[in-house]
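Asks: Have a look at this one before I ask anything.
The values are calculated or read from the model by the stated rules, or taken from the named source; none is laboratory data. Owing to the predicted nature of the structure, the values given are computational and were not obtained by experimental measurement. FYI the Cβ positions are ideal-geometry reconstructions off the backbone, even for glycines, and counts take in every protein chain you see. Ligands, DNA and RNA are stripped out before the accessible areas are found, and what is left, the full protein with its side chains, is counted by its heavy atoms. Shrake-Rupley method; radii C 1.70, N 1.55, O 1.52, S 1.80 Å.
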Amino acid sequence: MALNPKVEPNLQVLGQTIALLQEDMDLDYFDALIETGDNLLTGEIQVEDGHPKPATVAKLQDLYDQVDLTTLAADDVRLLVQLLILKGYKQEAIQPNHQMTPDTIGLLLANILTVIFRNHHQLSLLDMGVGTGNLLFTLLNHLPDQDVTGMGVDNDDTLLTLASLSSQLQQVKVELFHQDGLDPLLVPAVDAVVSDLPVGYYPIDEKAEKFATHNQEGHSFAHHLLIEQSLNTLKPGGVGVFIVPAGLFQTPAGLPLVKYIQQVGYLQALLNLPQGLFGNTQARKAILVVQKQGGNAQQASQVLLGDFPEIKNQDEFAKFVHELEAFLVANVVVK
Ligand code: SAM
């Protein structure tokens, strides 16, 4: 993707402010990124207990004076924040479950939602496990001119602060909720839920037991429980689009999950993402499209199953996307 030439200088300068703050205040990369974002947003360098020191403040001021976000579109600001976060991945160990959703996947999801909600003028959209907000903002910046209310839930304070910072710098309005997605949600019922789901065991069995998709023995899968919670949160006929492990239904716990989905909704599509996007076959992900019962929803005449071609095979990839769009128009009917 070609970088807007106005992003690059801001990236360099903000990178320097982060390094200065890290050194002066003994902060880890992401706390320094949050600090620099606060300074930018308030237009004032926050000093506490003599830090940053006056000499650092002077250097920082000089750097902030060079930052200009006013000529950048919201999506360029998103990209800037994304690149700053990616720099942090080189310094701090970030577990895969906390990593940002790449743009390739975000853009595919934007396309899916655009097609499904093509006749909607208003849309409420929740990201369950919003993290840094990169996926949610990619969607908000690429959905056509609709009145979209964007919401995000996450239980990680630092990631949610990064999402809040990004939204303010982009001047994109979203509502962010710091909570466990498996507690009763503070969000209203929505038209669509998206989630690049955290994959693995959920540690609190007492909470998991309240969900139909919990495992009978041992810990339950967080991603299964969060799909169930998402379906609970959808309006009748609403749509959930999830990034899930490619072998989602191939584990023993996969069957109860399918049964649950079929009880309250319709499994419409499960498409493996191109293998080339992932390091190894175990890490491969898929897009799952589920629709809640009610409204005009109906089970697709045939569930769409398949593999996205590799992106480098442009013609094949484009053909597959067209077929997917035609499938969605014919089968995923929203009010
Ligand atoms: N789409 C996000 C982005 O672009 O930054 C990345 C999502 S990341 C793969 C999965 C997210 O799920 C993480 O941000 C993690 O903190 C969150 N998460 C994990 N368990 C959760 C829970 N029980 N409730 C809410 N969020 C949770």
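Yes or no, residue by residue, for (1) small (Gly, Ala, Ser); (2) over 26 Å from the mean Cα position of the chain (by Cα); (3) assigned to a helix (DSSP H, G or I):
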site: Glu35; (1), (2), (3): no, no, yes
site: Asn39; (1), (2), (3): no, no, yes
site: Ile45; (1), (2), (3): no, yes, no
site: Lys59; (1), (2), (3): no, yes, yes
site: Thr70; (1), (2), (3): no, no, no
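Asks: To continue, here is another question. Which members of the range 15-46 meet the condition of being β-branched (Val, Ile, Thr) and either in contact (Cβ under 8 Å) with a residue 60 or more places away in the chain or within 17 Å of Gly88 (Cα to Cα) (or both)?
Replies: Within the range 15-46, Thr17, Ile18, Ile34, Thr36 qualify.
Asks: Another one. From Glu228, Glu209, Glu217, which residue is under 30 Å from Arg118 (Cα atoms), acidic (Asp, Glu) and either touching a residue at least 24 places away in the same chain (Cβ under 8 Å) or more than 14 Å from the ligand (Cβ to nearest atom) (or both)?
Replies: Among Glu228, Glu209, Glu217, only Glu228 is under 30 Å from Arg118 (Cα atoms), acidic (Asp, Glu) and either touching a residue at least 24 places away in the same chain (Cβ under 8 Å) or more than 14 Å from the ligand (Cβ to nearest atom) (or both).
Asks: Can you tell me which residue is surrounded by the most Cβ atoms within 10 Å (Cβ to Cβ) among those in the range 15-70 that are aromatic (Phe, Trp, Tyr) and within 26 Å of His98 (Cβ to Cβ)?
Replies: Per the stated criteria, the residue is Phe30.
Asks: In the set Leu107, Leu83, which member is open to solvent by 20 Å² or more (accessible area, probe 1.4 Å) and within 14 Å of the chain's Cα centre (by Cα)?
Replies: When all the criteria are applied, what remains is Leu107.
Asks: How many residues does the range 132-163 hold that are within 15 Å of the ligand (Cβ to nearest atom), open to solvent by 10 Å² or more (accessible area, probe 1.4 Å), of a type outside the set (S, T, N, Q) and in contact (Cβ under 8 Å) with a residue 24 or more places away in the chain?
Replies: The total comes to 6.
Asks: Follow-up question, since we're still on this one. Looking only at the range 113-140, count how many residues are part of a loop (DSSP other than H, G, I, E, B) and under 15 Å from Thr233 (Cβ atoms).
Replies: Looking only at the range 113-140, we keep the residues that are part of a loop (DSSP other than H, G, I, E, B), and these are 117-121, 129-133.
Filter once more, keeping what is under 15 Å from Thr233 (Cβ atoms): 129-130.
Total satisfying the criteria: 2.
Asks: Still on this structure, please answer the following. Enumerate the helices (runs of 4 or more DSSP H) found wholly within the range 166-269, keeping only those where 3 or more residues are open to solvent by 20 Å² or more (accessible area, probe 1.4 Å) and either modelled with pLDDT under 95 or within 23 Å of Gln302 (Cα to Cα) (or both).
Replies: Passing ranges, in order: 254-264.
Asks: Would you mention how many residues in the range 193-203 are of a type in the set (Val, Ile, Thr) and near the ligand (Cβ under 9 Å from one of its atoms)?
Replies: Here the count works out to 2.
Asks: Select from the range 78-101 the residues that are of a type in the set (A, V, I, L, M, F, W, C), near the ligand (Cβ under 10 Å from one of its atoms) and closer than 19 Å to Glu8 by Cβ and list them in ascending order.
Replies: Answer for the range 78-101, where residues must be of a type in the set (A, V, I, L, M, F, W, C), near the ligand (Cβ under 10 Å from one of its atoms) and closer than 19 Å to Glu8 by Cβ: just Ile85.
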